[in-house]
Amino acid sequence: MPKLEVLHLGYNGISNLNLLQLFRLPNLKSLFLQGNDIVNVEGLNQAKELRELVLDRNKIKCLSETSFVDQWNLLELHIEENRLKSLSNFHPLQKLQRLYLGMNRIQDLAELEKLECLPALKEMSLTNNPVARRLMHRPLLVFRQPNLLSIDGIPISAEERAKADMYFLDYQPVEQTTSSNLPGISNKLHGVAHSGLVSQVPQQSNPIRGATNLPLGANQTWYGNYRESDGDTKKPDSNKKATRERNFYLDPQNSSRQLYTRRYQ
């Protein structure tokens, strides 16, 4: 079957991809392996012409450094309903345009940053992952993936991309030194917790004014919050009870930045 281009092997109890002997199918373009018992993704380097790969509803927990070796032609990858917690080792997929990761176990926003190794990515899905329940996963992807056009089936508008760029560019890692001698104010402000991320105060010549630095108790949680000059405020996760919230205020009129504390019931 050297001319075979499409192969459907879904729901066949397959656990070892090496046993498929894909080297016998040099022209294989689409491989459907959904609903099997695959734990390790290996042996795909024998099918170097693959364009579409479906691995939904298997038992994949992680991807190794060799999982996608030689898969430089792959355009579309479905790996939904597995047990993935990490997004490492996607780097060989330099031409990948569509990535579907729904219903896995991805929790950390830092995992999404690993997808920067996919320069051609245009469409992806993260529905029903723990990380998708956080406020910041979508703007983070918009900012990190300049060629991305759609997330979870929702197109990215030019306005959304502009807001994401403006938001994250304002939070570049710097160390801000202040001359304040007020009680409770540190001379060096290293960062502000913001919706699960660690954001930094943008570098500028004006000192930080009106800051209070209350001690963090054992039963207290800080939540980052960003407030624009029009008064709109992103609220913290409604599922969590915050006793204190640290807010970062940006006033575009005079470029001053104010750090203060707000209490929640």
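The values are calculated or read from the model by the stated rules, or taken from the named source; none is laboratory data. Keep in mind that what you see is a predicted model, and the values were worked out from it rather than measured. Methodologically, a virtual Cβ is constructed for each residue, glycine included, from the backbone with ideal geometry; neighbour enumeration extends over all protein chains shown. Accessible surface areas use protein heavy atoms only, side chains included; no ligands, DNA or RNA. Shrake-Rupley method; radii C 1.70, N 1.55, O 1.52, S 1.80 Å.
If the limit is 25 Å between Cα atoms, which of LYS29/LYS122; LYS61/LYS114; LYS29/LYS85 go over it?
Violating the 25 Å Cα-Cα cut-off are LYS29/LYS85.
Length gain on complete extension for the stretch MET166 to GLN21, per 0.36 nm per residue less the alpha carbon to alpha carbon distance?
Length difference between fully extended and current span is 47.2 nm.
One-quarter of the Cα convex hull surface for segment 1-131, in nm²?
Averaged projected area of segment 1-131's Cα convex hull equals 6.8 nm².
How high is the FRET efficiency between ASN73 and GLU113 when r is their beta carbon distance and R₀ equals 35 Å, given to the nearest 0.05?
Plugging the Cβ-Cβ distance into 1/(1 + (r/R0)^6) gives 0.90.
Order CYS62, CYS117 by their accessible area, 1.4 angstrom probe, all chains in place, largest first.
These residues rank, largest area first, as CYS62, CYS117.
Just by accessible area at a 1.4 angstrom probe, what is the order of TYR11, TYR100 from largest to smallest?
TYR11, TYR100
Given the whole protein assembly as supplied and a 1.4 Å probe, what does the accessible area of SER125 come to in Å², nearest 10?
Counting only protein heavy atoms, SER125 exposes about 10 Å² to solvent.
Full extension from LYS122 to VAL39: what is 0.36 nm times the residue separation minus their Cα-Cα distance, to one decimal in nm?
That works out to 27.2 nm of additional length.
When only Cα pairs under 8 Å and 6 or more residues apart are kept, what is the percent relative contact order across segment 1-123?
Relative contact order comes out at 19 percent.
If you take the charge dipole of segment 1-86 about its Cα centre, with +1 on Lys and Arg Cβ and -1 on Asp and Glu Cβ, which of LEU17, THR66, LEU28 is farthest toward its positive end?
Going by the charge dipole, the pick is LEU17.
With r as the distance between the Cβ atoms of LEU9 and LEU149 and R0 = 25 Å, compute the FRET efficiency 1/(1 + (r/R0)^6) and round to 0.05.
0.20
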